[in-house]
Amino acid sequence: MESSHLELLRDLLSVRRVLALSVLAGGEPIIGLLPFAVTPDRSALVIHASRLARHSRGLRDGAPFDALIHLPDTPDADPLQIPRVTLQGIVRVLPDEGAETAAARRAYVEKLPAAEDLLGFADFHFYRLEIRSGRLVAGFAQAVSFTADTLRQIPQ
């Protein structure tokens with residue numbers, strides 16, 4: 001993967017704050033827009049979702065997910081050339097307490113400080129979206145597939 005692609009991946013994961021998350025619930029696809037953070041080793045995304053939300057029905061341990069993160073669609077942008085990444089993987093439901101949940105909470109609040117107000121709500125829960133693979137589209141005819149190992153190559 002080219003260094004420019006790695007830099008674009010870094011920016012999409014670290015600068016963008018929301019993703020479109022697609023899951024299956026009852027055999028039906030459900031999509032939601034959620035704030036996210038990425039773990040320091042870039043092996044997973046962290047979300048904090050309400051159990052009352054429709055998409056939370058698909059956030060079961062071991063369930064598959066797809067997530068889309070993209071740069072903004074501005075009036076002067078060509079929609080075919082908007083940089084984006086699609087990530088695929090497995091959902092892991094984090095326990096209410098413990099080191100892994102504390103690390104997820106730190107990453108999430110560091111990226112989204114205003115979200116700290118929601119951490120005490122009983123219907124919200126942390127989920128770890130473990131990344132297995134992805135596809136980066138850097139622009140028209142500039143697509144590249146990658147594995148989770150690629151994310152560890154991203155420069156800090």
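Just so it is clear, none of the values below were taken in a lab; they were calculated from the coordinates. Source: prediction; values computed, not measured. Neighbour counts are summed over all protein chains in view; Cβ atoms, including those assigned to glycine, are modelled from backbone coordinates with ideal geometry.
Key figures
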{"read-out": "Farthest positive-ward along the chain dipole, Cα basis, beta-carbon charges - from Thr74, Leu13, Tyr127", "value": "Tyr127"}
{"read-out": "Burial ordering of His55, His48, fewest other beta-carbon atoms within 10 Å first", "value": "His55, His48"}
{"read-out": "Zone of Val18's modelled label, taken as backbone nitrogen in the stretch 107-143 under 20 Å from a point 7 Å along Cα→Cβ", "value": "108-119, 124-127, 129"}
